[in-house]
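Following: one structure in structure tokens, then a few remarks.
Just so it is clear, none of the values below were taken in a lab; they were calculated from the coordinates. Remember, it's a predicted structure, so these values are computed and weren't measured experimentally. For neighbour counting, all protein chains shown are included, and Cβ atoms are generated from backbone atoms with ideal geometry for every residue, glycine included.
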Amino acid sequence: MYRGIGTHLRHVLELLDADVAKVYDGQGLGDYRPRFSPVVRAILAEGPLPIRALSTAVGVTHSAASQTVNQMAKAGFVDLVPGADARQRIVRLTERTRRLLPVIEAEWEATEAAQRELDRELSVPLAQVLAEIEKALAKRSFAERIAGNVQDRPDQD
């Protein structure tokens, strides 16, 4: 069976996220998702943030941050309040999230320990490989690399 790099990356992410979600579920946090953690961490570090600043802080698109924040608001983990500009929404943690922080933070520590354990089994730490990929793609995008390898095709009538 042939699987491309994108398929491998998605599969690994699905495996990791599914197992982290199982841990949250076992801790009574069935509605807390792994994708919420970068948002919670950013707000803990920087305080309430507009969605655009939040997207920059966690390294995702504005659209992805907005979708995650909307899921978190629906589950009661964040509140959205108007900013100085009517179009701006400020994201802040709810009291529910603050009460759950000891459980969430303990899971973060356990996840980081599990990641270090996994890294010891790999030839190169996973985070290092991913950082190297990001750096290389910042220099030359994957689209540019593909375009440089596309063979001229004869015109089709």
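Values as computed for the structure displayed
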{"quantity": "Cut-off 13 Å between beta-carbons: net charge of the residues surrounding residue 93, Lys and Arg +1, Asp and Glu -1", "calculated": "+1"}
{"quantity": "Degrees between helix 62-75 axis and first principal axis of the chain (Cα, 0 to 90, nearest 10)", "calculated": "40 degrees"}
{"quantity": "Among 81, 39, 23: highest mean-square fluctuation, GNM of the chain, C-alpha pairs under 10 Å", "calculated": "81"}
{"quantity": "Spin-label model distance (nm) - residue 92 vs residue 143, 7 Å beyond Cα toward Cβ", "calculated": "3.9 nm"}
{"quantity": "Which label in [x] 14.6, 45; [y] 20.8, 71; [z] 19.5, 66 gives the computed Rg and Dmax of the Cα atoms in Å", "calculated": "[z]"}
{"quantity": "Neighbour-count order for 69, 91, 103, 150, fewest beta carbons within 10 angstrom listed first", "calculated": "150, 103, 69, 91"}
{"quantity": "Spatially proximal aspartates and glutamates relative to residue 22 (Cα-Cα < 15 Å; intrachain offsets below 8 disregarded)", "calculated": "14, 31, 107"}
{"quantity": "Label point distance in nm, residue 136-residue 123, each placed 7 Å from Cα along Cα→Cβ", "calculated": "1.3 nm"}
{"quantity": "Helix 95-121 vs. the chain, principal-axis angle (Cα, 0 to 90°, nearest 10)", "calculated": "40 degrees"}
{"quantity": "Rounded Å value of the spacing that divides the Cα centres of segment 1-79 and segment 90-137", "calculated": "11 Å"}
